[in-house]
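These notes are about the structure you will find just below.
Read the figures in this text as sums done on the coordinates, not as results from a lab. As the structure is a prediction and not an experimental result, all values here were calculated from the model. We place every Cβ from the backbone using ideal geometry, glycine too, and count neighbours over all the protein chains shown.
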C-alpha cells in the first residue's frame, strides 16, 4: 500500500537485504495507467546516468580504448558499481541511460559502421545490467538520439545512407528520411535487433529476455527539422514499437517523442509517454498527465533539471508534491520521474569526482557541494523514497566507493 510509512531503521535494513544477487527477476507489467510488479502498483522514480555504456568525460589510462575525436571511452566497472549502489541509497528504483541503447558511429560503438558489430562495446553494458540486477534496480534506455552526440543517433543512420546534413541550427527537412526512408528504417530495426538479441554472459539472458531492462524508448527527445516540433510520424512510432514487442513481448515501450504527441496516444504497442523538464513546470506536467490519462497509459517525467536555473517556473518541492499527490489517486497515471544526471568518483580513484559541464551534474556525497546543493539532493532522496511509500529523514547516508 502506497501510504505505508516505515521508520528509518527499517529502511536501512531493507536496503541491506535487497543488494543480494537474485537468480530471477519478475517482469514489470502495465495495467492501464499503472505499472505493476507481481500484481502490486510499482513506481519508477530514479536518475539519468547517460554514460553507462560509453563515456565522454574521462580520459582512460594509456592503452585503454579511447577515441580522441569524441573523447569516448568505456566506463570502468567500479564506476558502474558505485552508481548502482548510490542510486539504491538514494531511494531510486530505476536508471535511464542513453548509451545502454544508443551506440553507433564511432570505433568504440556497438555498431561503428553500418552492419559492423563491436562485441567489446557490450562489456560495460553487460556489467551495468548485472549490477542493476544485483542492487534491485531496473533500466530503461532509448534506441536512438535526436542529436549528433558522441554516442551517435539518427544523424549517423542518415550519413550511412548518404544523407549528410547539419545537425544543429536550421536542420534540413531531409532529416525526416530517418522516419520515412525504408532502407534507413530497416537499418535501424536491424540495429535494434542486434542490441536486443545480445546475450549477456553475466546473466545468461538476452537483453530482450532480461526483466532488469524493463523498457525501451523509441528514441531520446525525437522530433523533426524544428526543435520541439514533435514531428515523428505515427506510422514510424507504431512500426518501431511493434518491432520491439515482437522481439520482446514482455518489454514495455516508451514513445521517444520530445513531449506528448497526442496523435500517438492510440498506438496500442506504446505503454508509456514521457516529457522532459528544463525548467520544471507543474502546469506543463499536469497537462501532459491529463492527456496521457485519456489513453489509459503511463506517464514519465523522464528527465528534470534539479538545480536553481531549472526552478524558474516551479520549485523542486512543488514538482515533487504534484507527483506524490498523484500516487494517492486510484489511477495515478504518472508513475515516475528521473533527475538529470548522476556522476560520482573516477573509480578506481575514490578521491576525484567526475565533472560534467551541463549545469545539472549531481555528485552525491561530494564534500565540496555547497549547502544549497546538499539540501536539493536531500529533497530528491526523500522524494524517491516517498514514491516507494517510505519516509526518510533529511540526512544523506554515506555511499561507499568500491575502489575496484
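The set of residues in the stretch 152-167 that are assigned to a loop (DSSP other than H, G, I, E, B) and under 30 Å from residue 299 (Cβ atoms) comprises 152, 153, 167.
The number of residues in the stretch 369-397 being farther than 16 Å from residue 342 by Cβ, without any contact (Cβ under 8 Å) to a residue 40 or more places away in the chain and outside any helix (DSSP H, G or I) comes to 3. Can you give me the number of residues within the stretch 136-151 that are part of a strand (DSSP E or B) and either under 21 Å from residue 69 (Cβ atoms) or over 13 Å from the mean Cα position of the chain (by Cα) (or both)? Number of matching residues: 1.
Do you know which residues across the stretch 260-286 are closer than 17 Å to residue 229 by Cα, outside any loop (DSSP other than H, G, I, E, B) and free of Cβ contacts under 8 Å to residues at least 40 places away in the same chain?
Restricting attention to the stretch 260-286, the residues satisfying the condition of being closer than 17 Å to residue 229 by Cα are 260-265, 273-278, 284.
Next cut, outside any loop (DSSP other than H, G, I, E, B) only: 262-264, 273-277, 284.
Selection gives 262, 263, 264, 273, 275, 284.
Any idea which residue in the stretch 200-222 is surrounded by the most Cβ atoms within 10 Å (Cβ to Cβ), counting only those that are out of contact with any helix residue (DSSP H, G or I) (no Cβ under 8 Å at 6 or more places or on another chain), assigned to a loop (DSSP other than H, G, I, E, B) and in contact (Cβ under 8 Å) with a residue 60 or more places away in the chain? Among residues in the stretch 200-222 that are out of contact with any helix residue (DSSP H, G or I) (no Cβ under 8 Å at 6 or more places or on another chain), assigned to a loop (DSSP other than H, G, I, E, B) and in contact (Cβ under 8 Å) with a residue 60 or more places away in the chain, the one surrounded by the most Cβ atoms within 10 Å (Cβ to Cβ) is 221.
Which residue, of 240, 192, 184, 244, is under 25 Å from residue 159 (Cα atoms), part of a helix (DSSP H, G or I) and in contact with a strand residue (DSSP E or B) (Cβ under 6 Å, 6 or more places away or on another chain)? One residue alone meets the criteria, 244.
Listed conditions (1) within 29 Å of residue 381 (Cβ to Cβ); (2) in a helix (DSSP H, G or I) are all met by residue 57, apart from (2). A residue that is under 30 Å from residue 391 (Cα atoms), within 16 Å of the chain's Cα centre (by Cα) and in a loop (DSSP other than H, G, I, E, B) cannot be found anywhere in the stretch 125-135. For the stretch 127-140, state whether one or more residues are at positive phi and either surrounded by 18 or more Cβ atoms within 10 Å (Cβ to Cβ) or touching a helix residue (DSSP H, G or I) at 6+ places or on another chain (Cβ under 6 Å) (or both). For the stretch 127-140, residues at positive phi and either surrounded by 18 or more Cβ atoms within 10 Å (Cβ to Cβ) or touching a helix residue (DSSP H, G or I) at 6+ places or on another chain (Cβ under 6 Å) (or both): present. Of all residues in the stretch 297-319, which are surrounded by 15 or more Cβ atoms within 10 Å (Cβ to Cβ), within 13 Å of residue 360 (Cα to Cα) and without any contact (Cβ under 8 Å) to a residue 60 or more places away in the chain? Hits for the stretch 297-319 are 304, 305, 310, 311.
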